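Below is one structure, written out as structure tokens, with a few remarks after it.
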Amino acid sequence: MALFAMVVTMLVAQAVPSTAAAQIRSNAQAEQSRGLRNRPSLPAQPGPGRYISETGQAFVLDRSGQRTLMRFEQGAEVWVLRPSPAPRGDVIYRNDAGDQVLRVTPDGGMTVFTTRAPQGTPVASAGSAPSLLPPTLTAVQLWNFIVRQSDRASRALGRLVVVDVDIEPGSEAVAADALSTAVDAIARMARSATLRREVAQVRRILVSDEGRPSVSFSQGTLRITIDADAGYAGRPSSARIVRVIAEGG
């Protein structure tokens, strides 16, 4: 291999500034400092916090990162919420199925929308909370997790549900989260009188990291394609999975 050497010679011309030039530079620096002090600062996003609604439902809301994350204390699923502007300067946060989950006013007032309170209920702050970070998972832990989730889905439907996970190293955590979310959706549908018939068609769950993130249901197979680099946002929510199964794909 040929070795190339480049020698860069820098010639620095030193000049003694005049008194007038030094004064001008000093004035400019002072003006710049005043401009920086007077520049309005952007409001910082609040850190992760715990909130409780008037109906008693508690949840953690994490707006410290690029995406808004939310987890109800009685559940394991972390929801990725997308903000959109609303009248009077409010912000509405929706899940990936388009359902309204939160409404936040300009002064920080908050309303949460749930199946228990579909019209919304006021929320009060209950202090700080840890960030909602994805867990780490080894390949062995993932295998044991797959076995447990297959058993959980099979018990919910009363027959065997096969689980296949086809991923590259590094995708374990998001794949496990996607699988857990899918089984949560299946179990919830199995308990519903109106959705039990549709979910009874599920016979296989396939999780992959090859291709664009998506979820589909066809011929008994629920296919979930994840984006491991996107974390929680790289897999569908249980609400979206329920909707896809109920619509038959």
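The values are calculated or read from the model by the stated rules, or taken from the named source; none is laboratory data. Everything numeric here is computed off the predicted structure, so don't read it as measured data. With ideal geometry, Cβ positions are generated from the backbone for all residues, glycine too; neighbour counts draw on all protein chains shown. When the accessible area is computed, the model is the full protein with side chains, heavy atoms only, and any ligands, DNA or RNA have been set aside. Shrake-Rupley method; radii C 1.70, N 1.55, O 1.52, S 1.80 Å.
Rounded to a whole number, what is D in µm²/s for the range 115-185 from Stokes-Einstein with the Kirkwood radius over alpha-carbon pairs (4 °C, 1.567 mPa s)?
The Stokes-Einstein estimate is 88 µm²/s.
Which ³J(HN,Hα) values, rounded to whole Hz and listed in residue order, are derived for the range 123-133 from phi using the Karplus coefficients 6.51, -1.76 and 1.60 in 6.51 cos²θ - 1.76 cosθ + 1.60 with θ = phi - 60°, glycine and proline given as x?
10, 10, 6, 10, x, 7, 8, x, 5, 8, 9
Report, in cubic angstrom per residue, the convex hull volume of the C-alpha atoms of the range 155-249.
83
Gain in length, Asn144 to Arg50, computed as 0.36 nm per residue apart minus the alpha-carbon separation, to one decimal in nm?
Numbers: separation 94, 0.36 × 94 = 33.84 nm, distance 3.16 nm.
So the extension gain works out to 30.7 nm.
How long are the semi-axes of the equivalent ellipsoid of the range 147-191, defined as square roots of 5 times the Cα gyration tensor eigenvalues? Whole Å, largest first.
Working: eigenvalues 90, 25, 8 Å².
Result for the range 147-191: semi-axes of 21, 11, 6 Å.
Looking at the range 184-249, which GluC sites (Glu not before Pro) are in a loop (DSSP not H, G, I, E or B) and have at most 12 other Cβ atoms within 10 Å?
Taking the range 184-249 and a limit of 12 other Cβ atoms within 10 Å, the loop GluC sites (Glu not before Pro) found are Glu210, Glu247.
Find the accessible area per residue for the range 157-249; the probe is 1.4 Å, ligands and nucleic acids are left out, and the unit is Å².
47
Considering only protein heavy atoms and a 1.4 Å probe, what is the carbon-and-sulfur percentage of the accessible area of the range 62-147?
Its accessible area is 57 percent carbon and sulfur atoms.
What FRET efficiency would be calculated for the residue pair Thr221, Glu168, taking the C-beta separation as r and a Förster radius of 22 Å, to the nearest 0.05?
Step by step, r from the Cβ atoms, then E = 0.60.
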